[in-house]
1. If you take every DSSP beta bridge whose two residues both sit in region 24-207, what share of them, in percent to the nearest 5, is antiparallel?
2. What do you get for Rg/Rh over region 24-207 if you use C-alpha atoms and the Kirkwood form of Rh?
3. Could you sort 157-164, 40-47, 138-145 so that the peptide with the highest average Cβ count within 10 Å comes first and the rest follow in order?
4. Read phi for every residue in region 33-44 and hand back ³J(HN,Hα) as whole Hz from Karplus 6.51 cos²θ - 1.76 cosθ + 1.60, θ = phi - 60°, with x for Gly and Pro.
5. Taking amide H atoms as placed 1.01 Å from N in the peptide plane, list the residues 5 or more away in sequence, or in a different chain, whose amide H sits under 5 Å from that of Val44.
6. Can you figure out the FRET efficiency of Ala139 with Asp25, using R₀ = 30 Å and their beta-carbon distance, to the nearest 0.05?
7. Modelled label-to-label distance, Arg82 and Arg207, 7 Å Cα→beta-carbon offset: nm?
8. Suppose the chain between Gln184 and Val45 were pulled fully straight at 0.36 nm per residue; how much longer would it get relative to their current alpha carbon spacing?
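Every number in this text was worked out from the coordinates using simple rules, so none of it is lab data. Predicted model, so just to flag it, every value in this text is computed and none were measured. Virtual Cβ from ideal backbone geometry, glycine too; neighbours counted across all protein chains shown.
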Amino acid sequence: MFKKILAIAGLAAGIVSCSSHYVIDPPAVDLTTAEPIGLVTFSVVNAKGDLDEIATQSFLQHVTAAQRVPVLELGKFDAVFRKTGMKALDATAAKAIGQSYEVKTFFYGDVRISRVKPQVDLTSVLGGNLGVRASFDIAVTVRLVSTETGATLWTRSAARNGTLGMLILGVDQVPSFGMTDKDQATMNLVRDLMHQLTWDFRSTERRI
């Protein structure tokens, strides 16, 4: 009797499994309508080093992996503004960027580091810098801006707390991030944030 019950249960499970299937939902944001797309190197607040390049390249990798769209790297914020002759990111500047670089839209983001807290005694001093284990908050905001109107077409933010085993702190307590093998923890932290930020650009699988 027990074996018969198990057989019936197994058959029922098989029927349910066979009757269910998955559908692919398209991305919430279709970037093909935004082409050609530019990308301004992200700005960084309260940090030194290569964090701007690390964050920008990671974002670019996630965007192009999510949707096969070409993205033109425009360079650093200051250089882009010098070329357009503008000083602030407003509608006029956005239109100037579109004319100068021949893009319909562009991504622009900023990375902010705050609440840096060393977790061990500062034991090594070299050239005024201290290598320590430290925790900090990191927040990233990215916008997709229209060069036709200057309007923000899409924006998303992500934040989390990070801890690095060897973070260089200057005497002003401003952390320095590098793009070296020693900073794999930094790369992983930024990669996780960019994965979260680019969710709207990815197709998703849904069971029905």
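1. For region 24-207, the DSSP antiparallel bridge percentage is about 75.
2. Reported Rg/Rh, Kirkwood definition of Rh: 1.02.
3. Per-residue Cβ counts within 10 Å, averaged per peptide and sorted highest first, yield 138-145, 40-47, 157-164.
4. Those phi angles translate into 7, 9, 6, x, 10, x, 9, 8, 4, 4, 8, 10 Hz.
5. Val111
6. Taking R0 as 30 Å, the efficiency between Ala139 and Asp25 is 0.60.
7. Calculated label separation equals 5.6 nm.
8. Extra length from Gln184 to Val45 when fully extended: 47.9 nm.
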